[in-house]
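Here's the structure, in structure tokens; my notes come after.
Here, each number is a calculation from the coordinates, and none is a lab measurement. This one's a predicted model, so the numbers in the text were calculated from it and none came from an experiment. Note that we place each Cβ from the backbone using ideal geometry, even for glycine, and neighbour counts take in every protein chain shown.
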Amino acid sequence: MSKVALVTGGTRGIGAAVSVALKAAGYTVAANYAGNDDAAAAFTAETGIKSFKWSVADYDACAAGVAQVEAALGPIAVLVNNAGITRDAMFHKMTPAQWKEVIDVNLSGLFNMTHPVWTGMRDRKFGRIINISSINGQKGQAGQVNYSAAKSGDLGFTKALAAEGARAGITVNAICPGYIATEMVRAIDEKVLNERILPQIPVGRLGEPSEIARAVVFLASDDAGFITGSTLSANGGQFVV
């Protein structure tokens, strides 16, 4: 029986590419989403990957969602914490609501999703937790104090939890994408993209969602069993750690 992988934010953008790549690698995949029913339905119809709706910002909803996925597909062996939002504003204009929304999804969402699967992974002595952070969690970004703080927090979460999971056969790793050719990034004004963003990327192009997805597939595999607590930067050389 194939291992079950759950991808949050798994029906669009990087998450969709991850879901498809994991299915191609032989996993039984569940794709979580928060709100876009039409996109989720289209994704499921196109890929055959089951989609499940709940907000990662809500702990009780996450616990119920995990139970629903496991009842339908089996125990979750791989969790990809990919769901994320932006509420950009310069700090002097940032509202408490903008701060809280981003922290609740992009940071607390990792706790809310990982906590319900952790005991099962410990009991089975196997698990893969892969957290999608960001280049802006590594270097910071003006106008994204909330987002950068959350994504930086994801890296601390990864390192600490890796230390706890190692003896139980659970690896915990993070990937920090740079600018990836998702719908959101491609919506950026072409002049801004070509004159301000691409010149910062030494390889001279945006990354592809499939490139992040292949990194996830590797970290989920048995071949990556000796890798835990690590951060993989996938940014075209824009920021070198």
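Descriptive notes on the structure:
- Restriction of the trypsin sites (Lys or Arg not before Pro) in region 150-241 to DSSP coil positions whose beta-carbon has at most 14 other beta-carbons within 10 angstrom yields 205.
- Taking a Cβ cut-off of under 11 Å around residue 197, the surrounding Lys, Arg, Asp and Glu residues balance to a net charge of 0, with basic ones at +1 and acidic ones at -1.
- FRET E, pair residue 59, residue 196, Förster distance 35 Å, beta-carbon r, rounded to 0.05: 0.35
- Here's the picture: a label point sits 7 Å out from the Cα of residue 115 along the beta-carbon direction, and within region 30-62 the residues with their amide nitrogen under 17 Å of it are 55-62.
- Cα-projected label distance for residue 36 with residue 210, points at 7 Å along beta-carbon direction, nm: 2.0
- Rounded to the nearest angstrom and listed largest first, the equivalent-ellipsoid semi-axes of region 1-81 from its Cα gyration tensor are 17, 16, 10.
- Inter-label distance, nm, simple model (7 Å from Cα along the C-beta direction), residue 122/residue 50: 2.6
- Kirkwood Rh in Å, taken over all unlike Cα pairs in region 172-241: 13.2
- For the chain, the relative contact order works out to 20 percent when only alpha carbon pairs closer than 8 Å and six or more residues apart are counted.
- Just so you know, the Cα atoms of region 72-158 work out to an Rg and Dmax of 14.8, 48 Å.
- Counting charges near residue 111 (Lys, Arg +1; Asp, Glu -1) among other residues having Cβ under 11 Å from its Cβ returns a value of -2.
- 158, 47, 228 arranged by Cβ crowding within 10 Å, fewest neighbours leading: 47, 228, 158
- Helical content of the chain, expressed as a calculated mean residue ellipticity at 222 nm, amounts to -14000 deg cm²/dmol (DSSP H runs of 4 or more residues, -39,500 (n - 2.57) each, divided by residue number, nearest 500).
- For region 187-207, backbone nitrogen atoms closer than 19 Å to the point 7 Å from residue 142 Cα along Cα-to-C-beta are found at 189, 191-201.
- Note on the chain: with charges restricted to the Cβ of Lys and Arg (+1) and Asp and Glu (-1), its dipole about the Cα centre is near 420 debye.
- Over the chain, the Kirkwood radius and the radius of gyration, each from Cα atoms, give a ratio Rg/Rh of 0.95.
- For the residue pairs 93/191; 23/50; 53/125; 100/191; 139/191; 23/125, the C-alpha atoms sit more than 20 angstrom apart in 93/191; 53/125; 100/191; 139/191; 23/125.
- Region 84-153 - percent relative contact order, Cα under 8 Å, separation 6 or more: 45
- Surrounding net charge for residue 172, when Lys and Arg each add one and Asp and Glu each subtract one, Cβ distance under 12 Å: 0
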